[in-house]
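> Have a look at this one.
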Amino acid sequence: MKKSTIILIIVALIVLIGAGGIKKSYNNMVTMEEGVAAQWSQVENVYQRRADLIPNLVNTVKGYAEHEHETLEAVINARAKATSVTVDPSNLDAASLQNFQEAQSGLSSALSRLMVVMEQYPNLKANENFMNLQAQLEGTENRITVERMKFNDTARAFNTYIRKFPKNIYASIFDFEKKAYFEAEKGAEKAPEVQF
């Protein structure tokens with residue numbers, strides 16, 4: 001064989017190996033990004049479950065605490081705001097995630113106020129429907145925590161992958177961007193003060 005033919009074969013092999021590496025990295029990034037999007041859908045799913053429980057809870061409470069209209073209205077409005085905020089999983093940046101978190105925090109706060117008000121109604125607390133809805137809501141809050149944690153783990157794995165060399169170069173070329181994380185609410189680092 002001629003020397004030029006051998007050089008061409010070697011160059012072609014290097015190009016094929018390089019292209020195969022780029023293809024594998026690209027496909028891994030796509031798979032991981034889809035994993036982030038799927039996990040985000042799970043987060044939205046459990047938040048939707050919570051939103052779906054709220055009308056039943058409000059209707060149950062109405063029968064016992066009709067004069068708590070302001071609190072019930074606050075819960076209904078917070079639910080409407082929380083369900084109106086959507087995030088495109090392909091654009092999970094810090095600003096959109098923060099906006100989503102703020103709307104969900106507003107709903108959590110309104111629900112907490114409702115639960116405090118309900119402590120004043122012993123007949124309501126003994127109502128089987130209310131007890132069942134409250135248990136479902138508590139279970140859903142736990143699911144939200146778990147799904148948020150899984151989302152952060154999935155986003156972390158994706159972010160780590162696209163930041164490593166040489167994948168960071170490929171990620172930049174193919175426009176893969178870092179995903180935002182759920183973060184603790186402001187003030188969560190301070191333990192609540194309990195006084196007896």
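Read-outs throughout are calculated quantities, based only on the coordinates presented, and are distinct from any laboratory measurement. Keep in mind that this is a model prediction, so the values were computed, not measured. Every residue, glycine as well, gets a Cβ built from its backbone with ideal geometry; the counts of neighbours run over all protein chains shown.
> Out of the GluC sites (Glu not before Pro) in the stretch 124-188, which ones are loop residues according to DSSP with at most 16 other C-beta atoms within 10 Å?
Glu177, Glu183, Glu185
> Here's something else I'd like to know. Pairs of alpha-carbon atoms within less than 8 angstrom and 6+ residues apart define the contacts here; what relative contact order does the chain have, in percent?
About 32 percent, as a whole number.
> Positive end of the charge dipole of the chain (Lys, Arg +1 and Asp, Glu -1 on Cβ, about the Cα centre): tell me which of Thr140, Ser108, Ser96 has its Cα farthest that way.
Highest projection toward the positive end goes to Ser96.
> Which loop chymotrypsin sites (Phe, Trp or Tyr not before Pro) in the stretch 132-170, with loop taken from DSSP, have no more than 10 other Cβ atoms within 10 angstrom of their Cβ?
Answer in residue order: no site qualifies.
> While we're here: When we measure straight from the Cα of Lys2, which lysines land under 23 angstrom away, once same-chain ones fewer than 8 places off are left out?
Cross-link targets: none qualify.
> Calculate the radius of gyration of the Cα atoms of the chain to one decimal place, then report Dmax, the largest Cα-Cα distance, as a whole number, both in Å.
That works out to 25.1, 95 Å for Rg and Dmax.
> Between the DSSP loop rule and a limit of at most 13 other Cβ atoms within 10 Å, which trypsin sites (Lys or Arg not before Pro) in the stretch 136-169 are left?
Lys164
> Helix-derived [θ] at 222 nm for the chain: sum -39500 (n - 2.57) over DSSP H runs of at least 4, divide by residue count, nearest 500?
Only helices count here, giving -27000 deg cm²/dmol.
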